[in-house]
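This report refers to the structure that appears directly beneath it.
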Amino acid sequence: MKTMILSLLCLLATHVAEAKNGFYPTRFSQILESVAPQQQTATSKLVYFGGPVIGNVKIVVVFWGSKVDAPTQSGIGDFYTAVTKSSYMDWLKEYNTDIKAVDGRDGTNQQIGRGSYAGAITIQPKVTSGTIDDAAIQDELQAQIDSGKLPKPDGNTLYMTYFPPGLKITAFGAASCSEFCAYHGFKGDPKSDHFYYGVMPDLGGACSFGCGFAAHMTNVTAISSHEFIEAITDPFPTPGTTPAYPQAWNTTDGSEAGDLCAGTNNTLKAGSKTFAVQSEWDNSANGCTKQSWSAN
């Protein structure tokens, strides 16, 4: 156990290196942050770098083949239906962009509000086992859009993509099930054609360790919320520990809204169901959200 804890603590130190490559993942060692959380100081405050946000997110769930685990396939739609119409979204208005950026440029004059769940689509990708890199994921999603299997994106579309067991994902020199739990990104030119996506590797079996010790779907919804909130508030993560346009809301040293609160969860009540959602950084409170949210 001591050796295992030390090895995971070492993974925490990789975050800076990952950020230098423009990689902003939910780290595999997330659970340790609830025991030894990231120190929050005045520099933890998110500042605006002038880029766009996603005003009214439209979640399209993408199942990477038919073997995505059954609980995710049956339950993730209820989660997104609830969370996009909940008070968990309402407080994000503090990250509107009707302000000046830190470099003096005009903001994009967007308001962040509630979103929608557009449904789930199972695609038949070329690679469903072994190893796949982020670049190949981007290309496959683009091919599925071009063929009409996925709806064409607009400025609000976010393809939250869930992967089957046994498929290892690599990105910027890191790997799923050992160094990260999930991440978000974009493909294309921020000034013209592009789309936003989230990569959600399977969190079952041995891969659940380090991504939360709770029930499987608790881990899935908590980490999903980390990524889609970060995609809303910073949809164009760019390389470097000194963020700049077209990034939107970020700390001056390269963390996004979910990174500062990884490992701590809130709850979302929707009728008879309760979902886990990750705490997110709240500038107005100078700390992580602590509320129990509700869908209505």
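The values are calculated or read from the model by the stated rules, or taken from the named source; none is laboratory data. These numbers come from a predicted model, not from an experiment. Virtual Cβ from ideal backbone geometry, glycine too; neighbours counted across all protein chains shown.
Could you list, in sequence order, all residues of segment 128-148 that are over 20 Å from PHE180 (Cα atoms) and under 23 Å from the mean Cα position of the chain (by Cα)? If the condition is that a residue be over 20 Å from PHE180 (Cα atoms) and under 23 Å from the mean Cα position of the chain (by Cα), then ASP139, GLU140, LEU141, GLN142, ALA143, GLN144, ILE145 are the ones that fit. Could you identify the single residue in PRO190, PRO165 that is over 30 Å from ALA285 (Cα atoms) and touching a Lys or Arg at 6+ places or on another chain (Cβ under 8 Å)? Exactly one of PRO190, PRO165 is over 30 Å from ALA285 (Cα atoms) and touching a Lys or Arg at 6+ places or on another chain (Cβ under 8 Å), namely PRO165.
The set of residues from segment 237-290 being crowded, with 20+ Cβ neighbours inside 10 Å and among the aromatic types (Phe, Trp, Tyr) comprises TRP249, PHE275, TRP281. How many of the residues making up segment 143-154 are free of Cβ contacts under 8 Å to residues at least 40 places away in the same chain and either in contact with an Asp or Glu (Cβ under 8 Å, 6 or more places away or on another chain) or of a type in the set (Asp, Glu) (or both)? Residues that pass the stated criteria total 1. Reported count of residues in segment 265-293, each being within 21 Å of ALA215 (Cβ to Cβ), of a type in the set (Ser, Thr, Tyr) and touching a helix residue (DSSP H, G or I) at 6+ places or on another chain (Cβ under 6 Å), is 1.
Please verify whether segment 263-270 includes one or more residues that are without any contact (Cβ under 8 Å) to a residue 12 or more places away in the chain and farther than 26 Å from PRO151 by Cβ. Within segment 263-270 (the criterion being without any contact (Cβ under 8 Å) to a residue 12 or more places away in the chain and farther than 26 Å from PRO151 by Cβ), the answer is no, since none of the residues qualifies. Here ALA82 does not qualify as small (Gly, Ala, Ser) and either at pLDDT below 95 or in a loop (DSSP other than H, G, I, E, B) (or both). Answer with yes or no whether ASN56 is modelled with pLDDT of 95 or more, over 29 Å from SER208 (Cβ atoms) and more than 17 Å from the chain's Cα centre (by Cα). When the stated conditions are applied, ASN56 does not pass them.
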